[in-house]
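Structure first, then comments.
The values are calculated or read from the model by the stated rules, or taken from the named source; none is laboratory data. Being a predicted model, the structure only gives us computed values, none of them experimental. Please note: Cβ atoms are built from the backbone with ideal geometry, for glycine as well, and neighbour counts cover all protein chains shown.
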Amino acid sequence: MTSSGKALTKDDLTKICIRSCALEASWNFERQQHMGFAFAMMPALEKIYSGNEEEKQKAAQRHLEFFNTAPPLSTFIMGIVASMEEENAKNPDDFDTSTITSIKTALMGPLAGIGDSMFWGTLLVIGIGVGASLAKEGNILGPFLFLLIFNVPNFLLRYFGVMQGYNFGTKLLENIESSGVMKTLTHAASILGLMVIGGMSGSMVSIKVAGSIGQGDEATKIQSIIDGILPNLLSVLCVFLIYWMLKKGFKTTYVLFGIFIFGIIAAFFGFLTT
Amino acid sequence: MDSLLVQAILLGLLTAFIVIDWMTGTNNLSRPIVSSVFVGLIMGDLKMGIMMGATLELAFIGAITIGAARPPDTVSGGILGTAFAIATGKGAEFALTLAFPIAALFLLVDNLLTLLVLPMIARKADRYAEKGELKNVSKMHVLGFVLVKSLPRALFVGFSFYLGSPVMERILNAIPTFVQDGINIAAGIMPALGFAILLQMLLKKDVFVYFVIGFALFSYLHVPILGIAIFGACLAYIIVNMETKAAMGSRGEEMVEDDF
């Protein structure tokens, strides 16, 4: 019990829920919703780690890592993360903080899938169907209903998500703490997290070779030859090439501009395509 | 001031404010069906605005952000489409042919800013996090929104409406295709950097194999990420159970009875 941090209250969780609304405001290709996630967690982190500057810094850095999920479901992850950060502040010696990153990663991919089909695949389409049929007649109820159909579930889920996530996380961690299997949780979380990143490396990194071998009807696209051997081979190679470069001490800023210049050069000489 | 200039400024302001959508819960305020109401008010024909909004919304439907694949910019496209439709009075289809090249040009600008400028702001946030200045990290998030998502879009919509579609189309055509393609190629690769940074934290030798399993499940069997997570959870459960049993077995003999 070294920390002077306090436990989160319902108000703190509500604050996370409100700040989660800005999740996508600084979306970018590199780490996507990372600043949005950090933005939502900041007041909670200030409270949990008040008086513990070092852990506070580490927590802030932790939440600037890659994050992307369906915004309406994001608060469930934030709730769980809040409970884990609290546990880390209570038992810094037992707790492995990489578990937090693993759990975040393991949840963001699946929830993105569920949330996208629920909100963008279903509610948005229903909303447009209902809204546009009224708006076509010039009826202002159209846009109004459109917003209502999408946003009532959107905001309800955000609120219940953060509460449920926090309770779920707290209960789980209590059980784990009492049975002394914290290491087990870390291991299980990293298995799950890495499998999800493995899948996402294939699904979210896109790189395609241009051109074909042979002529006329005999022509075979080079990309389809690569796909025949190992689909998404180039995507995973990119991830590990960059991983290796970062290990070698390349600055992420240089890698970022490197990728940009590489993209332009590849398009100029035409060996990659979109 | 002539009314064209006033309208251009008002449309710019509308754009700057309507992207608050992404600050207030990704609530779809910036979609054409909603923005057209305000465009109608600015252009002096509310009813026409609402009607055009419906038509444009249906034209843009399916334009959803999934992963790194990005649709043409529906915000500027929707606002300018409605504005042109009311200004020219020639119907939605004509308005769309005017608005689409502009939306395509802005998508290019937006991609460039999202690709290069936002990560620079993110690096400032990283430095503030290192120093423990959490409030400044939050400020960088808002700054990124204003400097990349809101202001450029507002200026672009205002200028485009004032200068007219032909001028913008000429600018779009003047940009070599390899630049446009290059930006898209870079945008496709960029998440690899995000994953690489994440892996720095998570990847260890003894768990590398699970990354490979996840990757292979997706690439060969086309299992969606949710499915991979279900396999992952089961696998984690099995492995952790086995390891606990093995650990207990080495300590005592009681496990043996259970096994036979």
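Brief remarks on what is shown
- Residue in segment A:237-259 that is at pLDDT 90 or above, touching a strand residue (DSSP E or B) at 6+ places or on another chain (Cβ under 7 Å) and outside the structural domain of A:E86 (by TED's automatic domain parsing) present: no
- Any hit, segment A:209-224, residues being surrounded by fewer than 22 Cβ atoms within 10 Å (Cβ to Cβ), within 11 Å of chain B (Cβ to nearest Cβ), without any contact (Cβ under 8 Å) to a residue 12 or more places away in the chain and not acidic (D, E): no
- Residue satisfying condition, being touching a residue at least 40 places away in the same chain (Cβ under 8 Å), buried (at least 20 other Cβ atoms within 10 Å of the Cβ) and farther than 30 Å from A:E46 by Cβ, within set A:F150, A:F146, A:F119: A:F119
- Of the helices (runs of 4 or more DSSP H) contained entirely in segment A:12-93, those carrying at least 3 residues that are out of contact with any His (no Cβ under 9 Å at 6 or more places or on another chain) and polar (S, T, N, Q) fall at A:74-90.
- Subset of segment A:240-261 [surrounded by 14 or more Cβ atoms within 10 Å (Cβ to Cβ), closer than 22 Å to B:I121 by Cβ and within 7 Å of another protein chain (Cβ to nearest Cβ)]: A:I242, A:L246, A:T252, A:V255, A:L256, A:I259, A:F260
- So B:A236, is it at pLDDT below 95 and in a helix (DSSP H, G or I): yes
- Assessment of segment B:196-209 against the conditions (more than 24 Å from A:V255 (Cβ to Cβ), assigned to a helix (DSSP H, G or I), in contact (Cβ under 8 Å) with a residue 12 or more places away in the chain and more than 7 Å from chain A (Cβ to nearest Cβ)) yields no matching residue.
- Unique match (being more than 10 Å from every other protein chain (Cβ to nearest Cβ) and buried (at least 23 other Cβ atoms within 10 Å of the Cβ)) among A:F39, A:F76: A:F76
- Residues satisfying the stated conditions in segment B:214-243, i.e. aromatic (F, W, Y), surrounded by fewer than 21 Cβ atoms within 10 Å (Cβ to Cβ) and closer than 24 Å to A:P231 by Cβ: B:Y220, B:F231
- B:K149 being within 27 Å of A:S206 (Cα to Cα), in contact (Cβ under 8 Å) with a residue 40 or more places away in the chain and within 9 Å of chain A (Cβ to nearest Cβ): yes
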